[in-house]
Protein chains: 2
Amino acid sequence: MLSKNQIKLITSLQQKKYRNKSNLFIAEGVKCVNEFLNSDFVLEKLFCTRDFKHILNSDKKQEISNTELKKISNYNTPNEVLGLFEIPSEKKVVLDKFTVVLDGINDPGNLGTIIRLCDWFGVSQLICSKDTVDCYNPKVVQSTMGSLNRVSIIYTDIESFISKTSLPVYTAMMRGENIYTTSLPKNAVLVMGNEANGVRESVNKLILNKLTIPKFGDIQLTESLNVATATAILLSEFKRS
Amino acid sequence: MLSKNQIKLITSLQQKKYRNKSNLFIAEGVKCVNEFLNSDFVLEKLFCTRDFKHILNSDKKQEISNTELKKISNYNTPNEVLGLFEIPSEKKVVLDKFTVVLDGINDPGNLGTIIRLCDWFGVSQLICSKDTVDCYNPKVVQSTMGSLNRVSIIYTDIESFISKTSLPVYTAMMRGENIYTTSLPKNAVLVMGNEANGVRESVNKLILNKLTIPKFGDIQLTESLNVATATAILLSEFKRS
């Protein structure tokens, strides 16, 4: 039986301010929850419609009905389990390893995709401007699953980071060097900007190296690439070299 | 003033079967509608909360109130205009030009991203299995905008297409040739599969060339890449060569 306070707490975690207050985030569904259980994340409480036998500490799990799960779930057809996990403390910024920097990414789907890309390409540090969407947003959690604990995600002053790093710093823009003919270093910082406005001017002026993914379609008409697909192509180019 | 029949027609166009029946689809918002107006698509009717002066044929435009626009819009905060456009007849399949083939893509966002990628990389033909999400789905229309009229999208029997084309056919899978060390042809067919299940077996066995995007992260743990980001990386590799 779910208490009123439990329902209130869980539904409040849709919002960043309550996640920060309670230091908890939500993961849902068997596959996603299992990925978090098999990671370094610390389980606070598991609500499930059938027993999760591999969680031995019975204080941490609570069987609930399907109707109750529907009440606390983000989904119309929830999938057996909803877990509350602790938000870990942020790791320290490392100045000299391959880093992706995000400047004001708004869309949870884009952030989720970029976290998975970092994981795929072995980029272990992702630095986000403070106005980038929260990585513990339920939509980000759901789309990244296990990747969330393999990439160190840090929200900080990105101008300060870019000023301090000794690595060459790159960004993508319409008129830059052709990525296919530029020689790219093994170790670098790649800055990607907001979906509508790109990298803000105060950040952009700190970046020496501007790259362009050449267009092959109709030069005039084609819109810009989505930020997540552009990140995919750029990381692939850095890593293939 | 919107009539009941107009409201009924417009809201029915959320569903594929009614789009096919009436041969119409919806585009919304100033930017998106303008892209369709500046294209080869034929306008059936424009509903707008302010006058769109550049549409001279006044039979084709109808001023409505904000409240009315809210009734027919997909959005909580609709943006001035909703247009109905004719679904054009499908172009003929061309067997010998660079083609992306999609096998059972379900997610409108993924289809939209892949259409924009085709446009960017100058891939003018996209062939979809009949169970791939409809490209006139409002979410696809909204995310592709102008690209929708620059890529020829054809729903057909993809096994038959793959059997008939004289071009080399490629797909991506976990254990294939490293894309960074394989020499790729200028002209080819690239087959991408369903989000959860990949390319179905009956299609896969027709494909000689299997490619892999190498993982740089933790080999065991990283999930597969999202189909749209994988398509981005593969198209970039084909086009850079």
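The values are calculated or read from the model by the stated rules, or taken from the named source; none is laboratory data. Nothing here was measured: the structure is a model prediction, and the numbers come from that model. Glycine also receives a Cβ, built like all others from the backbone with ideal geometry; neighbour counts cover every protein chain displayed. Keep in mind that these areas ignore ligands, DNA and RNA; they rest on the heavy atoms of the full protein, side chains included. Shrake-Rupley method; radii C 1.70, N 1.55, O 1.52, S 1.80 Å.
Every residue in the range B:151-164 that is free of Cβ contacts under 8 Å to residues at least 60 places away in the same chain and buried (at least 19 other Cβ atoms within 10 Å of the Cβ), please. Working first, answer last.
First, pick out the residues of the range B:151-164 that are free of Cβ contacts under 8 Å to residues at least 60 places away in the same chain: B:151, B:157-160, B:163.
Result: B:151, B:158.
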Counting only residues in the range B:121-150 that are at the interface with chain A (Cβ under 9 Å from one of its Cβ atoms), in a loop (DSSP other than H, G, I, E, B) and open to solvent by 10 Å² or more (accessible area, probe 1.4 Å), the one farthest from residue B:238 (Cα to Cα) is identified as B:150
Per the list (1) of a type outside the set (S, T, N, Q); (2) away from chain B (no Cβ under 14 Å); (3) open to solvent by 40 Å² or more (accessible area, probe 1.4 Å), residue check on residue A:167 breaks on (3)
When you check residue A:229 against the structure, is it hydroxyl-bearing (Ser, Thr, Tyr) and either within 23 Å of residue A:140 (Cβ to Cβ) or within 20 Å of the chain's Cα centre (by Cα) (or both), yes or no? yes
Among strands (runs of 3 or more DSSP E) entirely inside the range B:19-112, those with 3 or more residues being in contact with a Ser or Thr (Cβ under 9 Å, 6 or more places away or on another chain) and open to solvent by less than 20 Å² (accessible area, probe 1.4 Å) are B:81-86, B:99-103
Of the conditions (1) modelled with pLDDT under 95; (2) of a type in the set (A, V, I, L, M, F, W, C); (3) open to solvent by less than 40 Å² (accessible area, probe 1.4 Å), the single one that residue A:174 does not satisfy is (3)
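Yes/no per residue for (1) touching a Ser or Thr at 6+ places or on another chain (Cβ under 6 Å); (2) without any contact (Cβ under 8 Å) to a residue 24 or more places away in the chain; (3) closer than 23 Å to residue A:111 by Cα:
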residue: A:180; (1), (2), (3): no, no, no
residue: A:195; (1), (2), (3): no, no, yes
residue: A:202; (1), (2), (3): no, no, yes
residue: A:211; (1), (2), (3): no, no, yes
residue: A:217; (1), (2), (3): no, yes, no
residue: A:228; (1), (2), (3): yes, no, yes
residue: A:234; (1), (2), (3): no, no, yes
Checked against (1) within 14 Å of the chain's Cα centre (by Cα); (2) closer than 30 Å to residue B:38 by Cβ; (3) more than 14 Å from every other protein chain (Cβ to nearest Cβ), residue B:156 satisfies every condition except (1)
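Would you call residue B:4 over 29 Å from residue B:125 (Cβ atoms) and open to solvent by 90 Å² or more (accessible area, probe 1.4 Å)? If you could, list the steps in order and put the result at the bottom.
Working: over 29 Å from residue B:125 (Cβ atoms): yes; open to solvent by 90 Å² or more (accessible area, probe 1.4 Å): yes.
So residue B:4 fits the description; yes.
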Looking at the range B:192-203, is at least one residue surrounded by fewer than 19 Cβ atoms within 10 Å (Cβ to Cβ), aliphatic (A, V, I, L, M) and within 12 Å of chain A (Cβ to nearest Cβ)? yes
Those strands (runs of 3 or more DSSP E) completely within the range B:160-241 that have 3 or more residues that are more than 18 Å from residue B:123 (Cβ to Cβ) and in contact with a strand residue (DSSP E or B) (Cβ under 8 Å, 6 or more places away or on another chain) are B:169-178
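Going by the conditions given, is residue A:224 facing chain B (nearest Cβ under 9 Å), open to solvent by 20 Å² or more (accessible area, probe 1.4 Å), in contact (Cβ under 8 Å) with a residue 40 or more places away in the chain and more than 25 Å from residue B:215 (Cβ to Cβ)? Walk me through how you get there before you give the answer.
Working: facing chain B (nearest Cβ under 9 Å): yes; open to solvent by 20 Å² or more (accessible area, probe 1.4 Å): yes; in contact (Cβ under 8 Å) with a residue 40 or more places away in the chain: yes; more than 25 Å from residue B:215 (Cβ to Cβ): yes.
Yes, satisfied.
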Those residues of the range A:80-115 which are within 16 Å of the chain's Cα centre (by Cα) and among the small types (Gly, Ala, Ser) amount to A:89, A:104, A:109, A:112
